[in-house]
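The values are calculated or read from the model by the stated rules, or taken from the named source; none is laboratory data. All values derive from a computational prediction rather than experimental measurement. No Cβ is skipped: glycine too gets one built from the backbone with ideal geometry, and neighbour counts run over all protein chains shown. Note: accessible area is taken over every heavy atom of the protein model, side chains too, but ligands, DNA and RNA are not part of it. Shrake-Rupley method; radii C 1.70, N 1.55, O 1.52, S 1.80 Å.
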Amino acid sequence: MPETHDVVIIGSGPAGLTAAIYTARAALSPLVLEGEPSSTSDQPGGQLMLTTEVENFPGFPEGVMGPALMSDFRTQAVRFGARLETVKASRVDLSERPFRVWVGDPEAAEPTYLAQSLIVATGAKALMLDLPNEQRLIGHGVSTCATCDGFFFREQDIAVVGGGDSALEEANFLTRFARSVTIIHRRDELRASKIMQDRAFANPKINFLWNSQVLDIVGDEKVEKVVVLNTKTDEKSEIALSGVFVAIGHRPNTDLFEGQLDMKDNGYLVTQAPSSRTSVEGVFACGDVQDDVYRQAITSAGSGCTAALDAERWLEAQGGH
Ligand code: NAP
């Protein structure tokens, strides 16, 4: 027989674990399916597990390492009675309540868990270039977040890869710190909006490398240079720099909910702001899986709190508590 829980939380980044802390303190004994450490990018704990120093999370005047911060989130959730399982949800059925959640074989007749309410905190992934050294150098010069890491590149020469609004916004922001920012784009035309383009073209610290594909990011301990191919001339060149910001888009982790929860065109879950309610009553979403704008650990944690309070009140209204 599947176990029944008042609250099942899928995901264990700042959103999922904040929801766990709040629902645990409300005596709802949440079950957190925290994911599996199957590869570096899929470690439980979300995107902060891939960062080094976090300096903008309030309460840590000296900064904190991303994995250490997530370990503290986890300890705090467990202290109040959250149960964390290091597994991935393989299938959910939200067509009736209690909701059905599978772990392991998605074809199994019986679900693994039944959930009176569900909090979706499955996050998003920054798209990467899939280069040999890229993962290894994350946090050592390779970054996917200018807001988080720009500060570390004062007076340095760095690059941003991509040609969309994110790339240009990051590049503009990074010129506050860096000596120069080279935007490396694979075509000779930007995808970004006109206003962002105008701003970037007018910024004397920004220069462009067109028709250019990054073949490798080189460095032992930290980024030292990139190898770039000019796709028009087939010429390879090396550029010395200390930082590479990859800004080629994000993908929300919403495959599980395809056809079951309303999503925007870009795949992010729709929530009924200012609440965390999704299109299915009793299912709440928080963190990056429903946020294609702010994407910060602190906004994610804040929305995890919102989802916990929404779930708690909703369960109470159902007469469960
Ligand atoms: P995006 O619009 O999808 O742009 C991604 C960029 O990365 C494109 O220029 C693309 O090149 C390039 N790219 C994709 N895969 C690549 C690869 N493997 N190697 C090299 N380059 C690659 O993504 P985004 O910039 O993150 O923006 C997402 C959405 O958020 C957009 O709707 C955007 O308007 C919005 N946004 C708005 C603002 C703002 O208004 N301030 C800020 C950020 C984001 P191609 O152009 O050749 O395809």
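Yes or no: region 237-256 includes at least one residue that is at pLDDT 95 or above, within 27 Å of Leu50 (Cβ to Cβ), part of a helix (DSSP H, G or I) and of a type outside the set (D, E, K, R). Looking for residues that are at pLDDT 95 or above, within 27 Å of Leu50 (Cβ to Cβ), part of a helix (DSSP H, G or I) and of a type outside the set (D, E, K, R), one finds at least one in region 237-256, hence yes. Each residue in region 207-223 was checked for being in contact (Cβ under 8 Å) with a residue 60 or more places away in the chain and either more than 26 Å from Ala192 (Cβ to Cβ) or assigned by TED's automatic domain parsing to the domain that holds Ala121 (or both), and 4 pass. Do we have Arg74 as open to solvent by 30 Å² or more (accessible area, probe 1.4 Å) and in contact (Cβ under 8 Å) with a residue 60 or more places away in the chain here? Judged against the criteria, Arg74 is a match. Taken over region 272-291, the residue count meeting the criterion of being touching a strand residue (DSSP E or B) at 6+ places or on another chain (Cβ under 7 Å) and surrounded by fewer than 24 Cβ atoms within 10 Å (Cβ to Cβ) is 2.
Which of the following residues is open to solvent by less than 20 Å² (accessible area, probe 1.4 Å), more than 16 Å from the ligand (Cβ to nearest atom) and among the aliphatic types (A, V, I, L, M): Ala200, Ala308, Ala240? After applying the criteria, what remains is Ala308.
Pairs meeting the criteria (first residue in region 13-28 and buried (at least 24 other Cβ atoms within 10 Å of the Cβ), second residue assigned to a helix (DSSP H, G or I) and of a type in the set (Ser, Thr, Tyr), beta carbons under 7 Å, at least 6 apart or on different chains) are Gly13/Ser300; Pro14/Ser300; Ala15/Ser300; Ala15/Ser303. When residues in region 293-305 are screened for being open to solvent by 20 Å² or more (accessible area, probe 1.4 Å), in contact (Cβ under 8 Å) with a residue 60 or more places away in the chain and not β-branched (Val, Ile, Thr), 6 of them pass. Scanning region 175-189 for residues that are closer than 14 Å to Leu241 by Cα and either of a type in the set (Ser, Thr, Tyr) or within 14 Å of the ligand (Cβ to nearest atom) (or both) yields a count of 4. Restricted to region 149-174, and to residues that are crowded, with 23+ Cβ neighbours inside 10 Å and among the hydrophobic types (A, V, I, L, M, F, W, C), which residue is farthest from the ligand (Cβ to nearest atom)? Checking each candidate, the answer is Ile158. Residues in region 243-271 that are open to solvent by 30 Å² or more (accessible area, probe 1.4 Å), within 14 Å of the chain's Cα centre (by Cα) and either away from the ligand (no atom under 12 Å from the Cβ) or of a type in the set (S, T, N, Q) (or both): 1 in all. Residue check: is Phe177 within 30 Å of Pro58 (Cβ to Cβ), at pLDDT below 95 and touching a Phe, Trp or Tyr at 6+ places or on another chain (Cβ under 9 Å)? In short, no.
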